[in-house]
Each structure stands twice: as structure tokens, then as C-alpha cells.
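Undergrad: Below are the C-alpha cells for one structure; questions will follow.
Nothing in this text is a laboratory measurement; each read-out follows from the coordinates by a stated rule. Quick caveat: nothing in here was measured; it's all calculated off a predicted structure. Methodologically, a virtual Cβ is constructed for each residue, glycine included, from the backbone with ideal geometry; neighbour enumeration extends over all protein chains shown.
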Amino acid sequence: MIYNFRIDRSGVKEILKRLKDDKMLSQGWGGGGEASLRIDQENYVAKCSKFYELVSTRIPSNLLRMKDFKDGDLLVTPHLPENGKVSIHIVDQDFPMCYNYLEKDPKHLNNRFKIKKSYGLEGNISIYNVHLVSWYGKLQWLRLPVLPIEGFEASFRTIIEELEKKPGTGFGKSRLDEFLNTQLSNTVKQLKISLRSVSASASKISFESICEYLLEFAGYRIERRHIYDSQGGDADFHCTIERTDLSPFEPGQTILFVQVKKHSGTTDENAVQQLLQMIKKEPRADGCVMSLADSFTKKAEELAEKNGILLMNGDTICRLLLKNLLTG
């Protein structure tokens, strides 16, 4: 679980000190040095409301959510270590083992929680970073001290993963173009997921028919489909395009053999080898492998580079499809 964990911003300096020195994240409403307001007592809500002269019980009732903390939960603290920044903390053990009440605390930050590790205490994560746009858009509505924010966990996990790989990474305030590129990447990712749900071929709605659409949109004519030979050659499409469509100074046709692979993960060199076998019979032909996979193996890339074969992965195909849909 992940929680938005608002703090008393007047106590930032002390909260930050305790995190760095003791690995303890502090929350207020603890009674200071005058009242014992442990959240694990039955009458905490009533006692807290009375002591702090609160009109409603919303805040102390909300603070009881801290009793749900589990080992490994994420606590996101906006405006810590400073205004405009955010830090992320990993809870150490389940409640009540993660909980520590500090008696006689003049800062009223008596309620403390053990933290395994914190990210962003150096001020390297901006609340305006592109990864956190959706969360920041909701932040003004997250007014209570402790609120679950499950929908944003993936975004914060991404930042943690990057910081684990490169501890010095900065997530600064992003520009508009970064935001737009991120939206495009997310759209491509969702489109790729959709394409993986359709059949590979033998259907009007299939990955093969998508590839055929892209080829025809680019001006190619499909002359033959599913061509095989007896020596390992294989092509899903035999295409042609008039050179005059590309240049008025080069009459004649260009031939293109296309191999379609509805793969996930990686596509190996076998697809390239199948095309090369077909090209042996048409030495002037070009070749293209269109794969839904994320990437190609190193051997496939080397073989394609050596023989002038174009490799198109899933992201490239999805971006081309989106571009065609917008301009078609």
C-alpha cells in the first residue's frame, strides 16, 4: 500500500533531522509534553479532539489509518525536505512494531514510525516532475494527514527503481515537452497491449492486417501473401512500389519482402534469415521484419545491419500507426 503522508510544515527541520539520524518519520497530534496521545489507545479520537480543541473528529479519526501500516508500505511526504519537493519512505515492520511514541515532545511530533529507507531527502525529487503529474494534480484535494493513493503507486515505484540504479539521479521540474513525450509513450504502451490481444493472422482484425494497413498507407501494393520455399525462405508479404512514387528520376518498381512476427520480449535472427533466403531469388529486393516485440536480439541486429534489412519493433509500429491515424 502507498499513502500520502502530510506533515506539519512548521516542523520540517525536526522531522528531517529525525529521519536522517534515527530513521523515524514523525507525525503530529501527539499531545506534546502535556498529554499522552498514543494512537493505539482506544479513546485517542476523543482525547485528541478535546486536547487540540478541534471542531470535528475528522483529523484524529483519519490518523487511525496509521494503525494499518504494513512492512514495505510507501509513505509519500509532500514538501519534505523543502517546499516544492517530495520524499518517499519505506515502512519498517507491521504496526505496532513500526510504531514508536515519543513521550514529552515539545514539537508535538510524538507519533513516530520506523523507516527502512528514504528517497528524496536531498531535495532531488520535485513535485512538478513529469512522473508525478497525476499525483500532483490531486494533491490539493488530499488534505487529511494520511490517505491511501493506490493509483499513483506505479509512478513512485518507478522513481525508486531509478534511484536504486543511480542514487544521484535528479527528478527535477519537467518541461511541457517532457510531459507530452511521456503521454505519447504511455499511449504507445497501451496500444501495444491492445495489439497483443488480437490474433496474429487469419482474421480481419489481426496484427498481420495492421502491418498490411501500414504498408498500403506508405504506398506499397501487396502482390502476394504467405510465400514459402523449400529451403527456409518465408515472407508474409511480397510488396511493390513504383519508384516514381519516391522519385520521378527512377522509373521501375521496388520490391519489398516483409516478415511479420507477433512476438513479445525479443525477436531473434530467424526472422531475418527467412527474409534473406527469399531475397536470394530477388537480389534487388529489400527486406523488413515487423515485430510486436520490444526489441531484437544482438544477432538479429547484426545480421540485419550487414544485409540492409529494416527491423521495426513494437514501439516503432505503434508510433507509425498513431501517426497514420492522425494524418490519414
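Undergrad: In whole Å and largest first, what semi-axes does the C-alpha gyration tensor of the stretch 254-328 yield when each eigenvalue is scaled by 5 and square-rooted?
TA: Semi-axes, largest first: 22, 16, 9 Å.
Undergrad: Moving on. Please report the equivalent ellipsoid semi-axes of the chain, computed as sqrt(5 x eigenvalue) of the Cα gyration tensor, largest first, in whole Å.
TA: Value: 61, 18, 17 Å, ordered largest first.
Undergrad: Order of SER134, SER26, SER155, SER197 from fewest to most other C-beta atoms within 10 Å?
TA: Neighbour counts put them in this order, fewest first: SER197, SER134, SER155, SER26.
Undergrad: Whose amide H sits under 5 Å from the amide H of GLU223, counting only residues 5 or more places off or on another chain, with H placed in the peptide plane?
TA: Amide H neighbours of GLU223, under 5 Å, 5+ apart: HIS238, CYS239, THR240.
Undergrad: Among residues other than LEU195 whose Cβ falls under 15 Å from its Cβ, what is the net charge (Lys/Arg +1, Asp/Glu -1)?
TA: Net charge in that neighbourhood comes out at +3.
Undergrad: Still on this structure, I have one more. What fraction of the DSSP beta bridges in the chain is antiparallel, stated in percent and rounded to the nearest 5?
TA: Antiparallel bridges: around 65 percent, rounded to the nearest 5.
Undergrad: So, one more: Angle check, please: helix 207-217 long axis (alpha carbons) against the longest principal axis of the chain (alpha carbons), in degrees 0 to 90, nearest 10.
TA: Helix 207-217 sits at roughly 70 degrees to that axis.
Undergrad: State the dimensionless ratio Rg/Rh of the stretch 2-174 (Rg: radius of gyration of Cα atoms; Rh: Kirkwood radius).
TA: 0.96
Undergrad: Based on C-alpha coordinates, I'd like the Rg and Dmax of the stretch 199-328, in Å.
TA: Here Rg and the maximum Cα pair distance are 14.4, 42 Å.
Undergrad: Over the stretch 207-327, what is the percentage of antiparallel beta bridges among all DSSP beta bridges, to the nearest 5?
TA: Bridges in the stretch 207-327 are about 50 percent antiparallel.
Undergrad: Same structure again: So which lysines pass the test for LYS281, namely a Cα distance under 24 Å, with those fewer than 8 places away in the same chain ruled out?
TA: Excluding near neighbours in sequence, the set is LYS261, LYS299, LYS306.
Undergrad: Any idea what angle helix 270-279 forms with the longest principal axis of the chain, computed on alpha-carbon atoms, 0 to 90 degrees, nearest 10?
TA: For helix 270-279, the angle is close to 20 degrees.
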